[in-house]
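Engineer: Mind having a look at this structure? Questions to follow.
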Amino acid sequence: MPDRALRADARNNRERLLTAAAETFGREGTQASLKAIAREAGVGIGTLYRRFPTREALVEAVYRNEVGRLCAAAPELLEQLPPADALRAWMERFVDFMAAKQGMADVLRAVLLSEEDRLHTRDLLRSAIATLLDAGTAAGVVRRGLAPNDVLMGLGGITMIAGEEDQRAPATQLIDLLLHGVRTPN
């Protein structure tokens with residue numbers, strides 16, 4: 001029984017570390033203090049290093065965790081919102097994700113060198129978008145025949161143009177424009 005509690009505790013520590021690191025890296029970049037991340041997560045620096053022996057390992061884990069959370073949000077949003085609203089909410093989350101990723105860009109380039117890693121991430125994102133588009137099409141609020149990759153590229157363009165925190169209002173306006181092209185005419 002104590003072994004199970006320890007495993008659950010270790011999982012909680014890992015999740016708190018990933019959350020704290022994602023927030024900190026988004027604010028301060030990947031050179032942020034690892035001690036501060038551990039402190040924010042409510043754990044000691046030794047716990048951080050046991051889970052993530054290098055800064056690069058932590059950045060990679062944060063990135064993979066955030067991609068997973070973003071993709072898992074698609075079906076969750078569809079349970080909570082009508083399809084068009086779920087699509088919009090997911091697009092907003094995507095822009096926020098990309099803005100936070102900017103703080104990790106240098107280390108991510110070094111960590112995610114393989115084309116396989118990049119393609120896998122793109123496939124996960126396309127799948128999430130496909131889930132949202134399929135629900136919207138079934139509800140009659142999204143145009144038929146849209147390619148998830150086209151929507152992903154549109155979102156990528158938005159984040160390149162207005163994907164930083166201080167450009168959030170233009171990003172939202174561009175999401176509105178993209179959604180206008182995705183939705184069925186009234």
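Engineer: How large, in percent, is the carbon and sulfur part of the accessible surface of the stretch 1-75 at a probe radius of 1.4 Å? Can you show the working numbers first?
Structural biologist: Values: 2130 of 4100 Å².
Within the stretch 1-75, the accessible surface is 52 percent carbon and sulfur.
Engineer: Between Ala138 and Gln80, how high is the FRET efficiency from 1/(1 + (r/R0)^6) when r is the Cβ-Cβ distance and R₀ = 22 Å? Nearest 0.05.
Structural biologist: Working: r = 17 Å, r/R0 = 0.77.
For R0 = 22 Å, the calculated efficiency reads 0.85.
Engineer: Could you check the simple spin-label distance between Ala72 and Thr121, using points 7 Å along Cα→Cβ, in nm with one decimal?
Structural biologist: 1.9 nm
Engineer: Please report how far the C-alpha centroid of the stretch 39-77 lies from that of the stretch 138-186, rounded to the nearest whole angstrom.
Structural biologist: The distance from the Cα centre of the stretch 39-77 to that of the stretch 138-186 comes to 28 Å.
Engineer: Over its Cα atoms, what ratio of radius of gyration to 2.2 N^0.38 Å does the stretch 3-80 give?
Structural biologist: On the way: Rg = 13.5 Å, N = 78, 2.2 N^0.38 = 11.5 Å.
Taking N as the residue count of the stretch 3-80, the ratio is 1.17.
Engineer: Taking 8 Å as the Cα distance limit and 6 or more residues as the minimum spacing, I'd like the relative contact order of the chain as a percentage.
Structural biologist: Contact order relative to length: 22 percent.
Engineer: For a protection proxy built on the mean count of beta-carbon atoms within 10 angstrom, sort 170-177, 50-57 highest first, please. Write down the numbers at each step before the final one.
Structural biologist: On the way: 170-177: 16.2, 50-57: 14.5.
Output ranking for 170-177, 50-57: 170-177, 50-57.
Engineer: A follow-up question, please. Place a point 7 Å from the Cα of Arg168 along the Cα-to-Cβ direction; which residues of the stretch 15-43 have their backbone N under 16 Å from it?
Structural biologist: In the stretch 15-43, the label zone of Arg168 (backbone N under 16 Å from the point 7 Å along Cα→Cβ) covers 23-24, 26-28.
Engineer: Efficiency by 1/(1 + (r/R0)^6): what FRET value for Asn149 and Thr54, r their Cβ-Cβ distance, R0 = 41 Å, to the nearest 0.05?
Structural biologist: 0.75
Engineer: Work out which helices of the chain, taken as complete DSSP H runs, extend at least 27 Å along their axis over the Cα atoms and score a mean Kyte-Doolittle of -1.0 or more, then list them.
Structural biologist: Span-like helices in the chain: 55-80, 83-102, 115-138.
Engineer: Where only protein heavy atoms count, and the probe is 1.4 Å, what is the accessible area per residue for the stretch 41-162 in Å²? The partial results should precede the final answer.
Structural biologist: Numbers: 6040 Å² over 122 residues.
Spelled out: the 1.4 Å probe surface of the stretch 41-162, per residue, equals 50 Å².
Engineer: Continuing with the same structure: If a/c stays under 1.5 just call it rounded; otherwise compare a/b with b/c (prolate if a/b is bigger, oblate if not). Do that for the chain, with a ≥ b ≥ c from the square roots of the Cα gyration tensor eigenvalues.
Structural biologist: Judged from the Cα gyration tensor, the chain comes out prolate (a/c at least 1.5, a/b above b/c).
Engineer: If you bin the C-alpha pair distances of the stretch 50-89 every 5 Å from 0, what whole percents do you get?
Structural biologist: 5, 24, 17, 14, 11, 10, 9, 7, 2
The values are calculated or read from the model by the stated rules, or taken from the named source; none is laboratory data. In this text the structure is predicted, and so the values were computed from the model without any measurement. Here the Cβ is made from the backbone with ideal geometry for all residues, glycine too, and neighbour counts use every protein chain on show. Heads up: the accessible areas ignore ligands, DNA and RNA and are worked out on the full protein's heavy atoms, side chains in. Shrake-Rupley method; radii C 1.70, N 1.55, O 1.52, S 1.80 Å.
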